[in-house]
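Notes for the one structure printed next.
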Amino acid sequence: MADKKVRVRFAPSPTGGLHLGGVRTVLFNYLFAKKHGGDFVLRIEDTDQNRYVEGAEQYILDCLKWCGLTPDESPVVGGQYAPYRQSERKALYRQYAEKLVMEGHAYYAFDTPEELDAKRKEIPNFQYGQAHRDELRNSLSLSEHEVDALLDAHTPHVIRIKMPTDETISFNDMIRGHVSFETNQVDDKVLLKADGMPTYHLAVVVDDYLMKISHAFRGEEWLPSAPVHLLLWEYLGWKADMPQWAHLPLILKPDGHGKLSKRDGARLGFPVYAMEWYDAKADEFTPGFRELGFLPEAFLNLLAMLGWNDGGDQEIFTLDELIEKFSIDRVSKAGAKFDYEKAKWYNAEWIKRESAESLKSKVKSVLTDKGVTVKEDEYLLKIIDAVKERCILLPDFYQQSAYFFEVPKELDVNSVKPKWNEAKNDFFNVLIGLLKDEASIDAVAFEAQFKALMEEKALKAGDVMLPFRIMLVGGKFGPHVFDIAALLGKDETINRIEKALIVFNS
Ligand code: GLU
């Protein structure tokens, strides 16, 4: 195993929106592969035709693209072990299921859905396994002759694994350490369905083997399936090639009680999916981190910290730093509570760190979507630098910067008018005169001029600074007011003071 090339896979079933836990699984696989110079494979596990959802595969590809986690091999780019869509590999699974039957590790089961339903009604907590398999219609309970006749008549049947009796099976999980299972407690899972499609259990083992997967990191919810997979690796004679497994901790609800679900997001008002997902059946849109204005860098950063840390105080990591520092032994066994406030904090930190240039196109679309016209990119870059410290999510750029592009739609008159007086009016009229004499506004020089005039008129900062801000911005927010004036320019500053004076004096 030690000299085996690192090859990991993300193996989603295309059934709907991609939960943040799914993206974290991608991320940990990806980081591990890149750290060890290995390959990251995307394999689409679409053998369950009942759960297949149109458009879900493309959605997964789009999510990976948005996150910048590019697979080395996938249904789109292909690769040495193509095809990477299990439905296209259908023909190759039966031989392994038949081999298991021949060798006594699996059996044919002819029970109809109605017969199984009747059994479920008759026996509480019915499991198709050691306790009841003899009472059912399968190649263990029927005679060879009966089985041959049923097969010759093309009677619909599935192939089930025969779980051994009284065995303890175990493996070493890279996160959890020694994990063991009692075979008596596991049912005889279906391996090959009546339509000839493998189930997840057979397909995952066959494909991890054929695709030479060295490490398989997946969500903790798959741990109960591990005994079936372990036995299949053994029965198919591939045990020496079995990947090393790590079952990643769950992402928990903010209160720590149970797994974070899509419904929690709706209930508590935060996204759970990476990107917006439209469920055609329910005609329902579920928002995603992308649409709410998260940067992919921040999204990956916050996901990395759900269950992993580097042992120090550092919280902000670039993808390259994560590749360098990631190690699976620092992934905790315990579930990680999701905290939306903290998630937003990561985004705000990332917005601060990004250059105006790299934020430009995203901010531009936030503004243009709201009907704001952005004429010059040079100007936009300056505005981004001026306000990015105040933005938590990308849509905040609208609220924080629209007034740089258009006269504020409303002025916070109530904060000014009750204390408005002739002295203040006079101050601003003189200020307009001073500005008119200047060629342009320099923030520092203008501030000095403004303060000198304040002194001359025996006014305090509290008397004129707030009205001035409201004149330019419309409300009590934004960066240093003299910087705003400099960015707006002389003519626009004068224009806004004049317009506001009419309102304040009316
Ligand atoms: N197809 C499974 C899923 O949808 C993959 C589990 C695994 O990685 O083994 O998550």
Which of the helices (runs of 4 or more DSSP H) contained wholly in the stretch 296-394 include at least 2 residues that are open to solvent by 30 Å² or more (accessible area, probe 1.4 Å)?
-> 319-325, 340-353, 356-369, 377-387
Restricting the stretch 171-216 to residues that are more than 22 Å from Asp329 (Cβ to Cβ) and among the β-branched types (Val, Ile, Thr), which is farthest from the ligand (Cβ to nearest atom)?
-> Thr183
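Here's a check for you: in the stretch 203-212, which residue that is surrounded by 16 or more Cβ atoms within 10 Å (Cβ to Cβ) and among the hydrophobic types (A, V, I, L, M, F, W, C) is nearest to Glu88 (Cα to Cα)?
So in the stretch 203-212, the residues surrounded by 16 or more Cβ atoms within 10 Å (Cβ to Cβ) come out as 203-209, 211.
This time we only want the ones that are among the hydrophobic types (A, V, I, L, M, F, W, C), so: 203-206, 211.
Values: Ala203: 12, Val204: 14, Val205: 16, Val206: 14, Met211: 15 Å.
Going through the qualifying residues, I end up with Ala203.
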Are any of the residues in the stretch 181-202 closer than 30 Å to Ala304 by Cβ, in contact with an Asp or Glu (Cβ under 8 Å, 6 or more places away or on another chain), in contact (Cβ under 8 Å) with a residue 60 or more places away in the chain and open to solvent by less than 10 Å² (accessible area, probe 1.4 Å)?
-> no
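So which of Arg43, Arg94 ends up being of a type outside the set (Val, Ile, Thr), at pLDDT 95 or above and surrounded by 19 or more Cβ atoms within 10 Å (Cβ to Cβ)?
Arg43
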Any residue in the stretch 15-22 that is within 17 Å of Tyr273 (Cα to Cα), within 13 Å of the ligand (Cβ to nearest atom) and out of contact with any helix residue (DSSP H, G or I) (no Cβ under 9 Å at 6 or more places or on another chain)?
-> no
What about Leu230, is it closer than 30 Å to Leu27 by Cα, not in a strand (DSSP E or B) and not hydroxyl-bearing (Ser, Thr, Tyr)?
-> yes
Per the filter on the stretch 145-179, residues assigned to a helix (DSSP H, G or I) and open to solvent by 40 Å² or more (accessible area, probe 1.4 Å) are His145, Glu146, Asp148, Ala149, Leu151, Asp152
Given the conditions (1) surrounded by 18 or more Cβ atoms within 10 Å (Cβ to Cβ); (2) within 12 Å of the ligand (Cβ to nearest atom), which single one is not true for Gly219?
-> (1)
Check the stretch 52-75 and report whether any residue there is open to solvent by 10 Å² or more (accessible area, probe 1.4 Å), within 16 Å of the ligand (Cβ to nearest atom), touching a Ser or Thr at 6+ places or on another chain (Cβ under 6 Å) and over 30 Å from Ser332 (Cα atoms).
-> yes
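The values are calculated or read from the model by the stated rules, or taken from the named source; none is laboratory data. Since this is a predicted model, take the numbers as computed values, not measurements. Glycine also receives a Cβ, built like all others from the backbone with ideal geometry; neighbour counts cover every protein chain displayed. All accessible areas refer to the heavy atoms of the entire protein, side chains included, with ligands and DNA or RNA removed. Shrake-Rupley method; radii C 1.70, N 1.55, O 1.52, S 1.80 Å.
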